[in-house]
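See structure below.
Read the figures in this text as sums done on the coordinates, not as results from a lab. The shown structure was predicted, so the numbers you read here are calculated from the model rather than taken from an experiment. Methodologically, a virtual Cβ is constructed for each residue, glycine included, from the backbone with ideal geometry; neighbour enumeration extends over all protein chains shown.
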Amino acid sequence: MQYLEKIKPSYFDLLYPLRKWKILNVRALKEEAEYHGSFSGFYKIISKLEKNLLVDSFINSWSNEKFIYLLPDGIKALGENELSLNINRELRFHDSIVSKVARDFKSYPHIEEVYLDFQTRQEFPLLERVPDCLVTGNLRNPFSMAIEVELTQKSQDRVKKILKTYSDSKVVNQVLYITDKKTILEAYKKYLFELGSVVLKEKFLFLYTKDLAKGKADLLNSPVHFKNHVTSLSELFKMT
């Protein structure tokens, strides 16, 4: 790791937000790092870190955003656990969407804390299933909500097993499925209905937004299917 001698110590500070969010687009990383210089200057720094194999990147072809995540040497340089922050290249598109969703929820009223999967394992060791993201908050009473971002459809048996697990959970109060495909929305609603009284249907919410992959989804005002009617997070959070 001799190349680290070429990197200014202050550059590593710009990577610290990735310890929480795992993967961020360049503008979001600049914002989270509170870098007050120009965007072009920040981009040059990130490019240097990428050239020195501390971070890697990919382009979301839907939104044309460049996403940054830590490589093993970058994780070690920040003193973090490689198993926690390592990004699977096959899942990095999904992880980038989850990170965006998590950051959106962090800004909502009534939300107190947001945990990605690796943080959830640490904070909630008794949780029966680790979701993509878990949020806690207070809306008249404290609550915890598991969030699952579904870009591809799982098998019927697997989904029903997951629904049962969440239904029986003593940790999670609500479960929000977010998808950009109506076929997934309708299939999962059907699976929940078919389970009948085996599950607590009032635990589950299903949100559809066609712009999820584009990074422009309006989660607060997108339709949410909940208790046999359509509402929105804005309405549920009493923000209208």
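Residue selection: Lys22 satisfies the criterion of being within 15 Å of Asp95 (Cα to Cα) and surrounded by 18 or more Cβ atoms within 10 Å (Cβ to Cβ).
Just one of the numbered conditions (1) within 15 Å of the chain's Cα centre (by Cα); (2) hydrophobic (A, V, I, L, M, F, W, C); (3) under 22 Å from Val130 (Cα atoms) is not true of Phe67: (3).
Within segment 167-200, can you find the residues that are within 23 Å of Leu220 (Cβ to Cβ), part of a helix (DSSP H, G or I) and either within 18 Å of the chain's Cα centre (by Cα) or not hydrophobic (A, V, I, L, M, F, W, C) (or both)? Scanning segment 167-200 gives Lys182, Glu186, Tyr188, Lys189.
Restricting segment 210-224 to residues that are of a type in the set (A, V, I, L, M) and over 12 Å from Asp104 (Cβ atoms), which is surrounded by the most Cβ atoms within 10 Å (Cβ to Cβ)?
The residue in question is Val224.
Scanning segment 44-87 for residues that are acidic (Asp, Glu) and over 13 Å from Arg19 (Cβ atoms) returns Glu50, Asp56, Glu65, Asp73. For segment 36-46, the count of residues that are in contact with a Leu (Cβ under 9 Å, 6 or more places away or on another chain), aromatic (Phe, Trp, Tyr) and within 21 Å of Leu219 (Cβ to Cβ) is zero.
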